[in-house]
1. Here are Ala228, Ala221, Ala196: which of them is in a helix (DSSP H, G or I) and over 17 Å from Val124 (Cα atoms)?
2. Counting only residues that are acidic (Asp, Glu) and either touching a Gly at 6+ places or on another chain (Cβ under 7 Å) or part of a helix (DSSP H, G or I) (or both), which one in the range 64-115 is modelled with the lowest pLDDT?
3. Evaluate the range 153-173: report whether one residue or more is at pLDDT 85 or above and in contact with a His (Cβ under 9 Å, 6 or more places away or on another chain).
4. Of the residues that sit in the range 189-236 and are of a type in the set (A, V, I, L, M, F, W, C) and more than 23 Å from the chain's Cα centre (by Cα), which one is farthest from Leu82 (Cα to Cα)?
5. Please find, among Ser144, Ser213, the residue that is in contact (Cβ under 8 Å) with a residue 24 or more places away in the chain, of a type in the set (Gly, Ala, Ser), closer than 23 Å to Asn50 by Cα and part of a helix (DSSP H, G or I).
6. Return the total of residues in the range 165-192 being part of a helix (DSSP H, G or I) and either crowded, with 16+ Cβ neighbours inside 10 Å or touching a helix residue (DSSP H, G or I) at 6+ places or on another chain (Cβ under 6 Å) (or both).
7. Confirm whether Leu155 is more than 19 Å from the chain's Cα centre (by Cα), within 16 Å of Thr53 (Cβ to Cβ), part of a loop (DSSP other than H, G, I, E, B) and not small (Gly, Ala, Ser).
8. Note down all Cβ pairs under 7 Å where the first residue falls in the range 63-89 and is farther than 30 Å from Thr53 by Cβ and exposed (fewer than 11 other Cβ atoms within 10 Å of the Cβ), the second is of a type in the set (Ser, Thr, Tyr) and modelled with pLDDT of 80 or more, and they're at least six residues apart or on different chains.
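The values are calculated or read from the model by the stated rules, or taken from the named source; none is laboratory data. Everything quoted here is computed from the prediction, not taken from an experiment. Cβ: placed from backbone, ideal geometry, glycine included. Neighbour counts: every protein chain shown.
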Amino acid sequence: MVKRFLALLLLAGLGGIFASLLAGYIPDAELNLTARYYADHAAGDLGAANIVTAIIVTYRGLDTLGEVTVLFLAASIVGLVLTHRQKHDPRPGQPARTRAPVGELLTTGTRFLVPLILLLGVYVFMNGHLTPGGGFQGGAIIASGILLLLLADPLKHFSHGLISAVESLAGLFYILLGLVGLVLAGGFLDNRILPAGELGALISAGAIPLIYSLIGLKVGAEFSSMLASLSETEEL
């Protein structure tokens, strides 16, 4: 009873804080100085039709590196903890899980949908400089295809070596591109190491499509690694 009262009190306090913030909220009538610069110069400076992409990949490239690093650490910790659990919690005496029969409709549907999901993920991160989307979104879509495979067949195994190789190589080339931008252009992950091209074309915005492709592969591999590790622990 006391715990419920404290939880309700906490929720009421948070509700009061958010209500006061909402009541005193005054929307900006115009963009601030930084936002105005991005809106006016992003397309001309970087050649990216999607201003959000230009900001994330180039103007705040170090912040994006931090986000990728946090996701990498999360995937590594999940894999480490689950591997430790598998080694030290064998649960003797329990019968091993058997493969449940998979329906033909589910199997056929999965085989049909997964390639389309992977193709959509690639499309999203390769067109991130033109349309809403990018590396993080495309990588998550790719991982959803892996999740669908695991839902259709929970005992399916994936090669952790292959996933680790894709994640490691994508991260390595991502860092190398950032350093090349630091040396040859205006800063870390500066996309102007390649020609800007024609605004709105698929091959444009300098190195942004390449950078987002590497981020998409890295994020997709990290999410897939976590899903595969979680699936394998269910077999214990």
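1. Ala228
2. Glu104
3. Looking through the range 153-173, none of the residues is at pLDDT 85 or above and in contact with a His (Cβ under 9 Å, 6 or more places away or on another chain).
4. Step by step, filter the range 189-236, then rank; the result is Leu199.
5. The match here is Ser213.
6. Qualifying residue count for the region: 13.
7. Considered against the rule, which asks whether it is more than 19 Å from the chain's Cα centre (by Cα), within 16 Å of Thr53 (Cβ to Cβ), part of a loop (DSSP other than H, G, I, E, B) and not small (Gly, Ala, Ser), Leu155 comes out as no.
8. Here the result reads none, with nothing in the range 63-89 linked to a residue that is of a type in the set (Ser, Thr, Tyr) and modelled with pLDDT of 80 or more.
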